[in-house]
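Structure first, commentary second.
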Amino acid sequence: MEGKVKKNFKTVALYIILIFLAVLWIVPIFTLIATSIKNKSDFYTGISLFNLPDTIAWDNFINAITKGNLFLYMKNDLIISCLKVPLGIFIEALAAFALTRLNIRHKTGIFVFFLVGMMLPLQTALVPINVIYSKLGLLNTYFGLFYVYIGFGISFGILILRGFFNGIPKDIDEAAYIDGCNKWQLFYKIILPVAKPAIATLIITDFLSTWNEYLLASVIINDNSMKTVPVGIMTFVGEHGTDYGYLCAGVLISVIPVLLVYLVFQRYFVEGMAGAIKS
């Protein structure tokens, strides 16, 4: 009886913690939505942050698209993300395959070398990147932005894929070689299909980090027609005041592509992270 009471107490405590965490997650989203449908005058009438307005200001969303050029910024961000994410994952998969499947020397040392990239503070590279890009004429270009994104994202991708590839039995390699596969065929016909969960995980995390990246984009991109979403939304902030309804409406619209990517690949997300951490 005592054991049953103790088990019920743990279950109730767990549900209380989960509800508390859910509230912490929902409240910012609710306030964002509530703010996005308020007129600028609503903020001067003393209306609470958690209250809905009497009249929904749909103009905030229209202005974000038309006056704020949000679709232009989303198009730029989408181009960068669609270039960077698949190419970056392909390079990371090749490196992880070499570290786990090929007979190369100093595998551990090479892997540690890649991991050092995760320890490099992004801020320390801003000035060198700006100087080099100025000399090469890569400022305000898609190539300049996605190239540096690949460089800073490759370490995390190799970490995830190497861990997942290590969990794939080596017996599969031997069976593939017996069937006549070479190393390239082993990579794209056997290893990559098996590693779909890890690849889907990287697509979600990589797309999210690329879509939301601000610091590098603000340094490399100065042309208003080339700005990405995070940099472009900062133009919604006025010098003498900010229309928060207009700003939050833009943020809500910009979240849609990331949400769609997550919904498409989320079924693989947990499995991919578990397989990567296992090794």
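Bear in mind these aren't lab numbers, they're just calculated from the coordinates by the rules spelled out. In this text, all values refer to a predicted model and were calculated from it rather than measured experimentally. Backbone-built Cβ (ideal geometry, glycine too); neighbour counts: all protein chains shown.
Structure notes:
- Taken as Cα centroids, the stretch 92-167 and the stretch 18-35 sit 35 Å apart, rounded to the nearest whole angstrom.
- Loop-located chymotrypsin sites (Phe, Trp or Tyr not before Pro) in the stretch 170-215 whose Cβ has at most 15 other Cβ within 10 Å (DSSP): 214
- Restricting the chymotrypsin sites (Phe, Trp or Tyr not before Pro) of the stretch 1-99 to loop positions (DSSP other than H, G, I, E, B) with no more than 13 neighbouring Cβ atoms within 10 Å leaves 50, 58.
- When the Gaussian network model of the chain links Cα atoms closer than 10 Å, the mean-square fluctuations of 197, 53, 86 top out at 53.
- Average Cα contact separation per residue, the chain, under 8 Å, 6 or more apart, as relative contact order %: 30 percent
- Set 84/196; 196/227; 107/183 screened for pairs whose C-alpha atoms are more than 25 Å apart: 196/227
- Projected area averaged over orientations for the stretch 149-224, convex hull of C-alpha atoms, nm²: 6.4 nm²
- Longest site-free stretch - the chain; sites: trypsin sites (Lys or Arg not before Pro), DSSP loop, at most 12 other Cβ within 10 Å: 171-279
- Size of the stretch 94-158: Rg and Dmax of its alpha carbons, in Å, are 14.6, 42.
- Cβ-Cβ FRET estimate between residue 102 and residue 209, R0 fixed at 35 Å, reported to 0.05: 0.75
- Residue with peak Gaussian network fluctuation, the chain [Cα springs, cutoff 10 Å], from 12, 219, 229: 12
- For the chain, dividing the convex hull volume of the Cα atoms by the residue count gives 209 Å³ per residue.
- With distances taken between every two different alpha-carbon atoms, the stretch 1-124 has a Kirkwood hydrodynamic radius of 21.1 Å.
- Scaled against 2.2 N^0.38 Å for its residue count N, the alpha carbon radius of gyration of the stretch 90-226 is 1.25.
- When the inverse distances between all different Cα atoms of the stretch 126-180 are averaged and flipped, the Kirkwood radius reads 14.4 angstrom.
- Rounded D (µm²/s) - the stretch 206-256, Kirkwood Rh over Cα pairs, Stokes-Einstein at 10 °C, 1.306 mPa s: 135 µm²/s
- Neighbour-limited loop hits for GluC sites (Glu not before Pro), the stretch 140-248 (at most 11 other Cβ within 10 Å; DSSP other than H, G, I, E, B): 239
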